[in-house]
Amino acid sequence: MSVFVTKYAGLHRVLRLGSIKQIMLNPYIPCVQAKLYQCGVTFIYEKCTSEENRRIPKIYTKTGDKGFSSTFTGERRPKEDHIFEALGTTDELSSAVGLAREFSIDSGHSFTDQLEKIQCVLQDVGSNIATPRSSARDSHIKKTKFSSQAVIELESWIDSFTEELPPLTNFILPSGGKSSAALHVARAVCRRAERCVAPVVRSGETDPEVAKYLNRLSDYLFTVARYAAMKEGNGETIYRRPE
């Protein structure tokens, strides 16, 4: 029997002819399970054993053509719903962090593993957002619960980098080299993600720890951007009122 294996972060999907078996290790359901391709899912195909079984899953599902998508709980909502706005911006944030990480790897920075872990935590953030409490069962909530430990870890990293940095006495502009500037872009996207999540949290649909994590993450990204500039020997551009 032909087996198609789909891998996306902590989620593994095994597609067999005539049935679907899904194993969730770290569920991240950004709209609807069948639409994970929107977040860059990769299909890995094993060689088919027969011509009859040679069926390749299509990358498009057409289920969102009318402007609606599904949450992890199976609820259909308009694509402009607060849930999907928060979810999409969080995904954009992960992409911005990923780009900053690539620049940081090229520059030999020591914090790139932290950035990778942050991207994994953002998968958990997405899982939580995609599980609105108003339609969630206990089983949904158990799978997508967000831990406050991630916030504590960010605070520890921030404190560690701050000890090595010179005091901040002026407003600075996004600068300090490619790694630093990319981290500042990620910080700005993080602030937007936080703004998108805030109304969802206030409505009781999402765990308040998610908003707290995004708030702390923006502080981390600002701090590590300064750290990257310092380690590369690049000066930060100081804000001066234009004459």
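The values are calculated or read from the model by the stated rules, or taken from the named source; none is laboratory data. What you see is a predicted model; the values in this text were computed from it and never measured. Counting neighbours? That spans all protein chains shown, and the Cβs are built from the backbone with ideal geometry, glycine included. We work out accessible area using only protein heavy atoms, side chains counted, and drop any ligands, DNA or RNA first. Shrake-Rupley method; radii C 1.70, N 1.55, O 1.52, S 1.80 Å.
Summary of computed values
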{"item": "Helices (runs of 4 or more DSSP H) contained in the range 121-233 and holding at least 1 residues on the phi < 0 side of the Ramachandran plot and among the aromatic types (Phe, Trp, Tyr)", "result": "149-164, 208-231"}
{"item": "Given (1) surrounded by 15 or more Cβ atoms within 10 Å (Cβ to Cβ); (2) more than 19 Å from residue 131 (Cα to Cα); (3) modelled with pLDDT of 85 or more, number of the condition residue 48 does not satisfy", "result": "(3)"}
{"item": "Looking only at the range 200-222, and only at residues there that are closer than 22 Å to residue 153 by Cα and of a type in the set (D, E, K, R), the one that is surrounded by the most Cβ atoms within 10 Å (Cβ to Cβ)", "result": "207"}
{"item": "Hits in the range 200-209 - residues which are among the hydrophobic types (A, V, I, L, M, F, W, C) and in contact (Cβ under 8 Å) with a residue 12 or more places away in the chain", "result": "200"}
{"item": "Qualifying positions in the range 183-194 - open to solvent by 10 Å² or more (accessible area, probe 1.4 Å) and among the hydrophobic types (A, V, I, L, M, F, W, C)", "result": "185, 188, 189"}
{"item": "Qualifying residue in the range 123-131 (condition: touching a Lys or Arg at 6+ places or on another chain (Cβ under 9 Å), over 24 Å from residue 92 (Cβ atoms), open to solvent by less than 70 Å² (accessible area, probe 1.4 Å) and small (Gly, Ala, Ser))", "result": "no"}
{"item": "Complete set of residues in the range 223-243 that are in contact with a Leu (Cβ under 8 Å, 6 or more places away or on another chain), of a type outside the set (A, V, I, L, M) and open to solvent by 50 Å² or more (accessible area, probe 1.4 Å)", "result": "236, 237, 239"}
{"item": "So residue 197, is it touching a residue at least 60 places away in the same chain (Cβ under 8 Å) and open to solvent by 60 Å² or more (accessible area, probe 1.4 Å)", "result": "no"}
{"item": "Cross-chain or 6+ apart pairs with Cβ under 6 Å, the range 154-179 first and over 23 Å from residue 239 (Cα atoms), then basic (Lys, Arg) and open to solvent by less than 60 Å² (accessible area, probe 1.4 Å)", "result": "154/216"}
{"item": "Of all residues in the range 134-154 being modelled with pLDDT of 90 or more and surrounded by fewer than 13 Cβ atoms within 10 Å (Cβ to Cβ), the one that is nearest to residue 202 (Cα to Cα)", "result": "148"}
{"item": "Options 94, 104; residue that is touching a Cys at 6+ places or on another chain (Cβ under 9 Å), part of a helix (DSSP H, G or I), open to solvent by less than 70 Å² (accessible area, probe 1.4 Å) and within 19 Å of residue 223 (Cα to Cα)", "result": "94"}
